[in-house]
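Report on the following structure.
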Amino acid sequence: MALAKGDPVLSMHGIVKTFGGVRALDGANLEVEAGNIQGLVGQNGAGKSTLIKILAGIHRPDAGSITIRGLHCPHLTPRQVEHLGIHFIHQDRLLVPTFTVGEAMFLGAEPGIGRLPFLNRREMARQATTILRDHFDVRLAGGALISELTPAERQIVQISRALLRDPAILVFDEPTAALVRREVDRLFEIIRRLQAKGITIVYISHYLSEIESLCDQVTVLRNGVDVGHVSLKSSSTTEIVSLMLNRDIDEMFPKRAVPIGEPVLKLNEVSARGAFNEISLTLHRGEILGLTGLLGSGAKELVQSLFGLVRLHGGTIEIGSERTKVSSPPSAVSKKLALVPEDRRAHGVALQMSVRENVTLASLQRFVCFGFLQPGREKTATNELIRKLSIHTASQASPVGDLSGGNQQKVVLAKWLSRQSALYLLDEPTVGVDVGAKVEIYRLIGELAEQGAGILLLSSDLLELLGIADRILVMYRGQLAGEFNPANSTSADLLSCATGTSAVSEYVNAVSAESGR
């Protein structure tokens, strides 16, 4: 059935889905018009994943109706979904790592060698190379192994595989989670090119700046229900955030007035070869000190050096009033330093271990008596931290890998709270988590400062820094380039300093518009 741009190509009405007594969807609706880029947003647990799994035929709804390209589809299966022209580009890039690019692209539709029962791998590789070059201007050998590709290249292979099957709708599920900025820009170019060819896009993302720059319309889910359908021609992400949180955007940053105490960290002209030179700064108890800089500015390496992950080659460090050296992570932990890393799944938590095991991992000595672990004390302490941090988990024994991104980040914070750290190094602590989880993490950061901890917050989210930091330091090419008071600074000021220019980029205009600055 041929559809004109603007016609309904996908309708999901009154979708209900319950898991073990918990209602994940409570009458949710999703309308997608042909030729549009339709955003789908919501906090973790809002029902996005369940709705998309129903669309993919993985789950069957308890109630509701689904219409795809004019056809009523009461019982979808994955095979039927694919035949209807719906394909999914997953965050985890589900490709077999030992396959070649050609084998992965033609999986299920492999060309043979004449009438012989053999696969023509040479032809698959040749066609794959040509398709990638002609469609995406990507020079990638069709015989290369999937395991050798970058995340962005694997994603392009996924898209190419879908294009071979003449898709009507492509669903992108958190596609930029593992991509750097340049790769994100390239992906957006590809998505816009696909839209120009008449393909309808459903785009799911936590990053509202992406939603604003890419999507035509947005459906907002909250607690299993669609609470808003926003046209971005006449609205902004401010309205989307308000719908997601059911609160005003000004409430995103619950800033507390905390007295600033004595210095807890002093750096005097510290340097690391190839990363940064002669950095001096002071962080006080009760202070949230923001730090930002572009890739290659040295900001990330500076934070890592304070945890013993990057070797210093000059300068001195004082923790409290004592000059010291931090030579390794165990050395940092012994000095009551805590690091919340950017990649929590790889470096912050042990995914297969339970919530309790992760929470007490850095502080087991607290729960040991005469060489034996006291599980009762350990469970009591873990319960208290689960309650305090509002960690949503079925039980202490649940694997951390089963938790949402925001709750995994809370487990990382709980681990260091259990250790009773005095200085927190936070490396992009809210990356990849939804808006609601961000607000809770901001609240926790404020509580740590209120309790007298010193917080060094590295973030590329300028609005985040302006919202919760007491001071902001900006690095540029290995040097401290500026210090800002959030009360009288803007995103434009910070980014101009970080780029070494007074020019304001399109990005600054976008984030400034988002915040109403």
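Kindly establish whether GLN195 is at pLDDT 85 or above, surrounded by fewer than 20 Cβ atoms within 10 Å (Cβ to Cβ), among the polar types (S, T, N, Q) and over 22 Å from ASP434 (Cβ atoms). Spelling it out, GLN195 is indeed at pLDDT 85 or above, surrounded by fewer than 20 Cβ atoms within 10 Å (Cβ to Cβ), among the polar types (S, T, N, Q) and over 22 Å from ASP434 (Cβ atoms). Among the residues that make up the range 17-35, is at least one of them farther than 18 Å from ILE204 by Cα, part of a strand (DSSP E or B), under 28 Å from the mean Cα position of the chain (by Cα) and among the aromatic types (Phe, Trp, Tyr)? Scanning the range 17-35 turns up at least one residue that is farther than 18 Å from ILE204 by Cα, part of a strand (DSSP E or B), under 28 Å from the mean Cα position of the chain (by Cα) and among the aromatic types (Phe, Trp, Tyr).
Can you confirm whether ASP216 is out of contact with any Cys (no Cβ under 7 Å at 6 or more places or on another chain), in contact (Cβ under 8 Å) with a residue 12 or more places away in the chain, of a type outside the set (Lys, Arg) and closer than 27 Å to VAL439 by Cβ? So ASP216 does not fit the description; no. Restricting attention to the range 48-59, the residues being in a helix (DSSP H, G or I) and open to solvent by 50 Å² or more (accessible area, probe 1.4 Å) number 2.
For the range 47-61, the criterion of being under 27 Å from the mean Cα position of the chain (by Cα) and on the phi > 0 side of the Ramachandran plot is met by at least one residue.
For the range 60-67, indicate whether the set of residues that are of a type in the set (Lys, Arg) and in a loop (DSSP other than H, G, I, E, B) is non-empty. Yes, the range 60-67 contains at least one residue that is of a type in the set (Lys, Arg) and in a loop (DSSP other than H, G, I, E, B). Close Cβ contacts (under 9 Å, 6 or more residues apart or on different chains) running from residues in the range 292-320 that are over 19 Å from ASP343 (Cβ atoms) and among the basic types (Lys, Arg) to residues that are at pLDDT below 90 and open to solvent by 20 Å² or more (accessible area, probe 1.4 Å) comprise ARG311/ARG273; ARG311/SER327. The residue that is surrounded by the fewest Cβ atoms within 10 Å (Cβ to Cβ), among those in the range 83-124 that are acidic (Asp, Glu) and closer than 19 Å to PRO151 by Cα, is ASP92. Pairs meeting the criteria (first residue in the range 35-47 and buried (at least 24 other Cβ atoms within 10 Å of the Cβ), second residue basic (Lys, Arg) and not in a strand (DSSP E or B), beta carbons under 7 Å, at least 6 apart or on different chains) are LEU40/LYS48; GLY42/LYS48.
Among the residues of the range 216-232, the ones that are more than 25 Å from VAL22 (Cβ to Cβ) and open to solvent by less than 10 Å² (accessible area, probe 1.4 Å) come to 2 in all. Looking at the range 425-500, none of the strands (runs of 3 or more DSSP E) lying wholly inside it contains 1 or more residues that are free of Cβ contacts under 8 Å to residues at least 12 places away in the same chain and buried (at least 21 other Cβ atoms within 10 Å of the Cβ). The numbered conditions (1) open to solvent by 20 Å² or more (accessible area, probe 1.4 Å); (2) assigned to a loop (DSSP other than H, G, I, E, B) are all true for GLN80 except (2). Under the condition of being under 25 Å from the mean Cα position of the chain (by Cα) and among the hydroxyl-bearing types (Ser, Thr, Tyr), which residue from the range 125-172 is least open to solvent (accessible area, probe 1.4 Å)? Looking at residues that are under 25 Å from the mean Cα position of the chain (by Cα) and among the hydroxyl-bearing types (Ser, Thr, Tyr), I get SER160. Restrict the check to the range 366-389 and report whether at least one residue is touching a residue at least 40 places away in the same chain (Cβ under 8 Å) and buried (at least 18 other Cβ atoms within 10 Å of the Cβ). So far as the range 366-389 goes, yes, one or more of its residues are touching a residue at least 40 places away in the same chain (Cβ under 8 Å) and buried (at least 18 other Cβ atoms within 10 Å of the Cβ).
With respect to the conditions (1) open to solvent by 20 Å² or more (accessible area, probe 1.4 Å); (2) among the acidic types (Asp, Glu); (3) modelled with pLDDT of 80 or more, GLU514 falls short on a single one, namely (3).
Across the range 228-252, the number of residues qualifying as at pLDDT below 80 and touching an Asp or Glu at 6+ places or on another chain (Cβ under 8 Å) comes to 6. Give the range 48-86 a look and list any residue that's in contact with a Gly (Cβ under 7 Å, 6 or more places away or on another chain), farther than 22 Å from CYS215 by Cα and either aliphatic (A, V, I, L, M) or touching a residue at least 60 places away in the same chain (Cβ under 8 Å) (or both), or say none. Correct list: ALA63, LEU76, VAL81. Restricting attention to the range 1-16, the residues being closer than 21 Å to HIS83 by Cβ, part of a loop (DSSP other than H, G, I, E, B) and not small (Gly, Ala, Ser) number 3.
Go through the range 353-382 and report how many residues are closer than 24 Å to ASN407 by Cβ and not hydroxyl-bearing (Ser, Thr, Tyr).
Kept after step one, since they are closer than 24 Å to ASN407 by Cβ, are these residues of the range 353-382: 353-364, 366-367, 375, 377-382.
Now drop any that are not not hydroxyl-bearing (Ser, Thr, Tyr), which leaves 353, 355-359, 361-362, 364, 366-367, 375, 377-379, 381.
Result for the range 353-382: 16.
Can you list the helices (runs of 4 or more DSSP H) found entirely within the range 170-280 that contain at least 2 residues being closer than 24 Å to VAL303 by Cα? Give the steps one after another, and end with the answer.
Details: elements: 181-196, 208-214, 237-245.
In the range 170-280, 181-196 are the helices (runs of 4 or more DSSP H) which contain 2 or more residues that are closer than 24 Å to VAL303 by Cα.
The values are calculated or read from the model by the stated rules, or taken from the named source; none is laboratory data. The structure displayed is predicted, hence computed values, not measured ones. Every residue, glycine among them, receives a Cβ derived from its backbone with ideal geometry; neighbour counts consider all protein chains shown. When the accessible area is computed, the model is the full protein with side chains, heavy atoms only, and any ligands, DNA or RNA have been set aside. Shrake-Rupley method; radii C 1.70, N 1.55, O 1.52, S 1.80 Å.
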